[in-house]
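Just below is one structure, and these are the notes that go with it.
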Amino acid sequence: MKRSTDRILTTHAGSLPRPGDLLELIQAKATGRPYDPDALALRVKRAVAEIVRKQTELGVDVVDDGEMGKPGFIPYVNERLSGFEPDPEGRGSPWSGSREVRAFPEFYEWFSRAMPSPAVRSLHMVCTGPVVYKGHQHVQADIENLKTALAATGAPEAFIPAISPTSVEDWQRNAYYKTDEEYLFAIADAMREEYKAIVDAGFLVQIDDPHLATHYVSRPELSVDQVRRWAEVRVEALNHALRGLPRERIRWHTCYGINIGPRVHDLELKHFVDVMLKIRAGAYSFEAANPRHEHEWRVWETVKLPEGAVLIPGTITQSTVLVEHPELIAERIGRFARAVGRENIIAGADCGFATFAGSTEIHPSVVWAKFEALAEGARIATKELWGRN
């Protein structure tokens with residue numbers, strides 16, 4: 001994993017807006033409408049090349065495939081894990097009973113009408129048999145598409161996002177395993193094959209683990225202490241999945257979702273930072289660029305990083321369409337650099353900008369403007385921290 005040894009490096013959280021024609025093919029597949037599989041595969045390959053080139057042109061150092069071939073950062077596993085089938089009971093969103101919706105029902109009712117969710121968000125499955133990884137062909141396609149794109153652009157480093165066992169457990173109802181823990185560890189064993197394939201191919205693997213941070217807001221009946229105990233088991237399961245993989249090839253990301261809302265009930269970093277740092281990762285990516293979490297940089301003045309670890313704090317955010325000023329981004333970078341050392345910081349983003357195919361919260365033109373600001377902010381911070389451009 002590259003470090004900011006002579007300048008501040010930049011990256012982001014993974015998902016990026018899909019082109020319109022690709023989006024139509026992805027949604028056709030996800031919703032059972034007719035589509036041409038060969039046309040989809042070819043368009044994904046081209047889209048990955050386009051998005052890698054876009055990232056490098058905008059000044060992003062550590063790039064990814066934008067999750068171009070995935071219907072969403074969680075439901076992509078529907079075709080990569082056996083043991084699941086469509087849930088006949090359906091599933092209401094756990095968000096509907098969350099602390100946030102209970103506190104601001106009028107806002108979220110209005111928002112759901114103003115910004116309807118993509119159809120792929122509803123593709124929940126139910127576990128009815130042993131969970132086994134069957135996505136080898138799909139992850140290899142991800143790998144080959146990204147390799148081809150990198151060869152054409154010369155980007156210095158790349159990562160591939162993969163969902164955490166915790167988020168799969170939350171998304172897919174269990175009707176087979178005797179206990180939640182047995183189910184969770186079965187998912188961990190299966191997803192390990194994807195994580196290992198990505199690392200073996202020479203890429204960084206980013207574990208997307210938003211539910212570690214959002215479980216508190218979605219489960220209002222639980223106290224902070226109860227959520228911490230719940231999280232300890234999920235960290236144990238993730239470390240089980242990551243066993244034997246080189247720590248320096250693993251990024252871990254958590255966030256509170258693309259939710260553009262009041263967010264007064266987000267779990268504060270100070271309540272789970274010690275738990276998250278038990279994850280065997282070389283880098284930790286988290287929200288730090290929005291009004292609910294920007295102040296939390298101070299946590300790192302007293303928390304000790306694991307040896308050799310890197311922080312990837314959000315310095316731009318998906319929670320507003322305002323484009324951050326580069327000087328503000330540089331200030332954010334500087335705070336973390338002073339807390340943990342400039343070489344231990346990579347400037348990142350709070351969350352993905354299109355976590356589900358068809359997400360419309362942030363227009364692509366705004367995303368690209370944010371990336372330009374990110375790169376310029378990193379250049380300003382580099383000048384301040386190293387005394388040169």
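The values are calculated or read from the model by the stated rules, or taken from the named source; none is laboratory data. Computed from a predicted model, the values in this text were never measured in an experiment. When we count neighbours, we look across all protein chains shown, and the Cβ atoms used for this are built from the backbone with ideal geometry, even at glycine.
A few points about this structure:
- For region 310-325, filtered to residues that are surrounded by fewer than 19 Cβ atoms within 10 Å (Cβ to Cβ) and either farther than 19 Å from TYR256 by Cβ or hydroxyl-bearing (Ser, Thr, Tyr) (or both), the residue that is modelled with the lowest pLDDT is THR320.
- The C-beta contact set for region 204-232 (first residue over 20 Å from ARG263 (Cα atoms) and buried (at least 20 other Cβ atoms within 10 Å of the Cβ), second residue of a type in the set (Lys, Arg) and modelled with pLDDT of 95 or more, distance under 8 angstrom, 6+ apart or interchain) comprises LEU204/ARG249; LEU204/ARG251; VAL205/ARG249; VAL205/ARG251; GLN206/ARG251; ILE207/ARG251.
- Scanning region 363-378 for residues that are closer than 14 Å to LEU9 by Cβ and free of Cβ contacts under 8 Å to residues at least 12 places away in the same chain turns up nothing.
- A count restricted to region 347-374 and to residues that are crowded, with 20+ Cβ neighbours inside 10 Å and in a helix (DSSP H, G or I) stands at 5.
- Being part of a helix (DSSP H, G or I), buried (at least 18 other Cβ atoms within 10 Å of the Cβ) and under 23 Å from the mean Cα position of the chain (by Cα) is a description that applies to VAL44.
- Flag if ALA49 is in a helix (DSSP H, G or I), in contact with a helix residue (DSSP H, G or I) (Cβ under 6 Å, 6 or more places away or on another chain) and either crowded, with 17+ Cβ neighbours inside 10 Å or in contact (Cβ under 8 Å) with a residue 24 or more places away in the chain (or both): yes
- Residue within region 295-302 that is surrounded by 15 or more Cβ atoms within 10 Å (Cβ to Cβ) and in contact with a strand residue (DSSP E or B) (Cβ under 8 Å, 6 or more places away or on another chain) present: yes
- If the condition is being part of a strand (DSSP E or B), in contact (Cβ under 8 Å) with a residue 60 or more places away in the chain and out of contact with any Asp or Glu (no Cβ under 7 Å at 6 or more places or on another chain), then region 237-259 contributes only ARG251.
- Some residue of region 239-257 being modelled with pLDDT of 95 or more, surrounded by fewer than 21 Cβ atoms within 10 Å (Cβ to Cβ) and among the aliphatic types (A, V, I, L, M): yes
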